[in-house]
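*Asks:* Sharing a structure below in structure tokens format, with a few things to ask.
Laboratory data are not the source of any read-out in this text; all were calculated from the coordinates shown. Computed from a prediction, not measured in an experiment: that's the story for all the values here. Cβ coordinates were reconstructed from backbone atoms using ideal geometry, including for glycine residues, and neighbour counts include every protein chain displayed.
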Amino acid sequence: MAFPATSTALDIIKAALRDRGVVGIGQTPNAEDTNDAFSRLNQMIAQWRKKRWLVYHLVDLMKLSNGSQFYTIGPGGDIAAGARPDKIESAFFRQLIQSQPNQIDYPLEILTAREDYNAISIKQLTSFPMYLFYDQDWPLGKLYPWPVMQPNIYELHVSVKFDLPYFATVTTQYAFPDEYFAAMEFNLAIRLGPNYTAPPNLELMGLAKDSLNVIRGAYTGIGRLFMPTDLTRPGIYNPYSDQIR
């Protein structure tokens, strides 16, 4: 089935149920099958939201520093987001004291464990920030830049995964990149398996896997590898080339 640029959950559900042999061409699934498939479709999208290689876009969120030790992020937080992010993909801060357009951005090293943040001796130190710890609290996450940013002269920026949209109703139209519709159809058909006795055939399983690989190949982003400064040696001066390598 070819999906238009905007489709409904019902379009995807009908196609998935046909793939499972639950309904035939031209038939309409009953309400119970539709409602269950609708729930599983949104459950699947909720899991896809957390996988970097299944999300086609990162968004940049920002907050002007006000001297706080931490900033909340999520719906209604200091940094507004549609949902509390599960992780911070990257972060930097912008120094605002320079005149436009020459404001300078400085990367922040992300601390991924509370234990690393706990090892900091003076957590209230106010100075030039170097690190960012993300506490995945609920319902709002907490961002701890360290050292604490001075108010009004810095702008904290974090990159998080775009929130793939849930389907509000079975008839609500949503726009996705074209390659997502096949992935939703075939993988929903696989997830509906526990409801029906007939196992998915190998062809359907192959289509489901291939459709995810298409998205993976299109949107996987791998950052440049940097060695921790503690593991690198300082450059050595070469008198013949007058360079430090």
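*Asks:* Let's test the formula: R0 of 41 Å, r as the Cβ-Cβ distance of Glu109 and Leu202. What FRET efficiency results, to the nearest 0.05? Display every interim value, and only then the final one.
*Replies:* Details: r = 46 Å, r/R0 = 1.12.
Calculated value: 0.35.
*Asks:* Share of antiparallel DSSP beta bridges in the chain, in percent to the nearest 5?
*Replies:* 85 percent
*Asks:* Distance cut-off 22 Å, Cα to Cα: go down the list Lys63/Lys161; Lys51/Lys123; Lys50/Lys209; Lys87/Lys209; Lys51/Lys87; Lys51/Lys209 and report the pairs above it.
*Replies:* Over 22 Å apart, Cα to Cα: Lys51/Lys123; Lys87/Lys209.
*Asks:* Rounded to the nearest 5, what % of the DSSP beta bridges within region 58-161 are antiparallel ones? Present the calculation step by step, with values, prior to reporting the outcome.
*Replies:* Details: 25 of 31 bridges.
Restricted to region 58-161, the bridges split so that about 80 percent are antiparallel.
*Asks:* Turning to a different aspect of this structure: Anyone know which of Pro75, Pro200, Pro177 comes out most mobile in the 10 Å Cα GNM of the chain?
*Replies:* Evaluated over the chain, the most mobile residue of the options is Pro177.
*Asks:* Going by Cα centres, region 179-205 and region 33-76 are how many Å apart?
*Replies:* Cα centroid of region 179-205 versus Cα centroid of region 33-76: 24 Å apart.
*Asks:* State to the nearest 20 debye the size of the charge dipole of region 98-141 about its Cα centre, where the only charges are +1 on K and R beta carbons and -1 on D and E beta carbons.
*Replies:* Values: 2 positive and 6 negative charges, 28 e Å.
Computed about the Cα centre, the dipole is about 140 debye.
*Asks:* In deg cm²/dmol and to the nearest 500, what is the mean residue ellipticity at 222 nm of the chain if only DSSP H runs of at least 4 residues count, each as -39500 (n - 2.57), divided by the residue total? Before the final figure, lay out each step's value.
*Replies:* Numbers: 5 runs with 65 residues, N = 245.
After summing the helix terms and dividing by residue count, I get -8500 deg cm²/dmol.
*Asks:* Place a +1 charge on the Cβ of each Lys and Arg in region 177-245 and a -1 charge on the Cβ of each Asp and Glu, then give the dipole magnitude about the Cα centre in debye, rounded to the nearest 20.
*Replies:* On the way: 6 positive and 7 negative charges, 67 e Å.
With Lys and Arg at +1 and Asp and Glu at -1, about 320 debye.
*Asks:* Given the options Gly141, Leu225, Leu202, identify the residue whose Cα lies farthest towards the positive end of the charge dipole of the chain (+1 on Cβ of Lys, Arg; -1 on Cβ of Asp, Glu).
*Replies:* The Cα lying farthest towards the positive end belongs to Leu225.
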